[in-house]
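Undergrad: This is the structure I have questions about; it appears just below.
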Amino acid sequence: MKKLSRNHKVAAWCLAGLLGMFGLAYASVPLYRLFCQVTGFDGTTQRAEAESSVVLDRKIRVYFDTNANNIPWSFKVEHPVQNTLLGKTNMIYFTVRNDSKVPLTGRASYNVLPEAMGGYFMKLQCFCFTDQTLQPGEERTFPVVYYVDPKMLEDIDAKNTKDVTLSYTFFPSQVAKK
């Protein structure tokens with residue numbers, strides 16, 4: 001068996017490094033999304049499996065923001081502000097209407113501000129977990145069930161927060177584009 005020259009070894013290492021960087025770049029978006037979902041980083045809300053077992057006598061104001069980006073839908077919230085207690089389960093309704101003449105599928109992305117609250121805004125039920133298909137002119141109302149986790153009081157960056165904004169933006173679904 002012929003031994004590789006030094007130049008061939010360097011070229012092989014460079015090729016391996018290039019392939020490794022390409023693989024990391026390809027995986028960076030899903031890995032970052034997973035990191036944000038697990039940690040609440042960058043204002044990403046958390047998905048809860050059960051209601052909070054603790055309700056505190058501490059009020060917090062929740063603002064709701066609605067947007068549609070690159071999809072001809074009207075999107076609004078029933079009440080743009082809710083006052084609640086930490087740990088109390090709440091429900092809010094959002095209405096979406098397809099203003100186009102063709103069926104469209106969209107998905108809502110979401111974010112919480114201030115960012116430190118992302119790990120403490122817990123959603124039990126949300127239309128944002130799945131694609132939504134609306135026929136031309138169709139209007140639907142979707143509930144969101146949530147609570148603000150009292151554990152926020154243990155976080156130095158979140159404990160003094162009095163106001164939280166949950167922002168939704170509907171985009172055309174990536175699944176529908178394929």
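Undergrad: Does PRO150 satisfy the criteria of being touching a Gly at 6+ places or on another chain (Cβ under 8 Å), touching a residue at least 40 places away in the same chain (Cβ under 8 Å) and under 20 Å from LEU56 (Cα atoms)?
TA: Values: touching a Gly at 6+ places or on another chain (Cβ under 8 Å): yes; touching a residue at least 40 places away in the same chain (Cβ under 8 Å): yes; under 20 Å from LEU56 (Cα atoms): yes.
The answer is yes for PRO150.
Undergrad: Filter segment 154-178 for residues that are in a helix (DSSP H, G or I) and not β-branched (Val, Ile, Thr); which is surrounded by the most Cβ atoms within 10 Å (Cβ to Cβ)?
TA: Of all residues in segment 154-178, those in a helix (DSSP H, G or I) come to 154, 174-177.
In the following step, the residues that additionally are not β-branched (Val, Ile, Thr) were identified as 154, 174, 176-177.
Working: GLU154: 10, GLN174: 10, ALA176: 13, LYS177: 7.
Per the stated criteria, the residue is ALA176.
Undergrad: Which of the residues that make up segment 125-148 are surrounded by fewer than 18 Cβ atoms within 10 Å (Cβ to Cβ) and in a strand (DSSP E or B)? I'd like the intermediate steps shown before the answer.
TA: As a first pass, look at segment 125-148 and keep what is surrounded by fewer than 18 Cβ atoms within 10 Å (Cβ to Cβ): 125, 129-131, 133, 135-143, 145.
GLN125, THR133, GLU139, ARG140, THR141, PHE142, PRO143, VAL145 - these are the residues of segment 125-148 that are surrounded by fewer than 18 Cβ atoms within 10 Å (Cβ to Cβ) and in a strand (DSSP E or B).
Undergrad: Taking the criterion of being modelled with pLDDT under 95 and polar (S, T, N, Q), would at least one residue in segment 115-125 satisfy it? Spell out how you get there, then give the answer.
TA: Kept after step one, since they are modelled with pLDDT under 95, are these residues of segment 115-125: 115-125.
Now drop any that are not polar (S, T, N, Q), which leaves 125.
Yes, that holds for at least one residue.
Undergrad: Moving to a separate point now. So if I check each of SER74, SER173, which one is modelled with pLDDT of 95 or more and over 23 Å from VAL55 (Cβ atoms)?
TA: Working: SER173 fails: modelled with pLDDT of 95 or more.
Exactly one residue qualifies, and that residue is SER74.
Undergrad: Report, by residue number, each residue of segment 97-118 that is assigned to a loop (DSSP other than H, G, I, E, B), over 25 Å from ASN70 (Cα atoms) and open to solvent by 20 Å² or more (accessible area, probe 1.4 Å).
TA: Step one: list which residues in segment 97-118 are assigned to a loop (DSSP other than H, G, I, E, B), which gives 99-103, 114, 118.
Those left that are additionally over 25 Å from ASN70 (Cα atoms): 114, 118.
Of everything in segment 97-118, just one residue is assigned to a loop (DSSP other than H, G, I, E, B), over 25 Å from ASN70 (Cα atoms) and open to solvent by 20 Å² or more (accessible area, probe 1.4 Å), namely PRO114.
Undergrad: Go through (1) open to solvent by less than 60 Å² (accessible area, probe 1.4 Å); (2) outside any loop (DSSP other than H, G, I, E, B); (3) under 22 Å from SER53 (Cα atoms); (4) not hydrophobic (A, V, I, L, M, F, W, C) one by one and return the number of the condition LYS151 breaks.
TA: (1)
Undergrad: Just wondering, is there one or more residues in segment 72-81 that are farther than 16 Å from GLU138 by Cβ, touching a helix residue (DSSP H, G or I) at 6+ places or on another chain (Cβ under 7 Å) and surrounded by 15 or more Cβ atoms within 10 Å (Cβ to Cβ)?
TA: Looking only at segment 72-81, we keep the residues that are farther than 16 Å from GLU138 by Cβ, and these are 77-81.
So of that shortlist, the ones also touching a helix residue (DSSP H, G or I) at 6+ places or on another chain (Cβ under 7 Å) come out as none.
Within segment 72-81 (the criterion being farther than 16 Å from GLU138 by Cβ, touching a helix residue (DSSP H, G or I) at 6+ places or on another chain (Cβ under 7 Å) and surrounded by 15 or more Cβ atoms within 10 Å (Cβ to Cβ)), the answer is no, since none of the residues qualifies.
Undergrad: Of (1) in contact with a Leu (Cβ under 8 Å, 6 or more places away or on another chain); (2) part of a strand (DSSP E or B); (3) open to solvent by 50 Å² or more (accessible area, probe 1.4 Å); (4) not basic (Lys, Arg), TYR93 satisfies all except one. Which?
TA: All conditions are met except number (1).
Undergrad: Among the residues of segment 159-166, are any modelled with pLDDT under 95 and either more than 15 Å from ARG61 (Cα to Cα) or among the small types (Gly, Ala, Ser) (or both)?
TA: Checking segment 159-166: not a single residue is modelled with pLDDT under 95 and either more than 15 Å from ARG61 (Cα to Cα) or among the small types (Gly, Ala, Ser) (or both).
The values are calculated or read from the model by the stated rules, or taken from the named source; none is laboratory data. What you are looking at is a predicted structure, and each value in this text was computed from that prediction instead of being measured. Glycine gets a Cβ as well: all are built from the backbone with ideal geometry, and neighbour counts include every protein chain shown. Ligands, DNA and RNA are stripped out before the accessible areas are found, and what is left, the full protein with its side chains, is counted by its heavy atoms. Shrake-Rupley method; radii C 1.70, N 1.55, O 1.52, S 1.80 Å.
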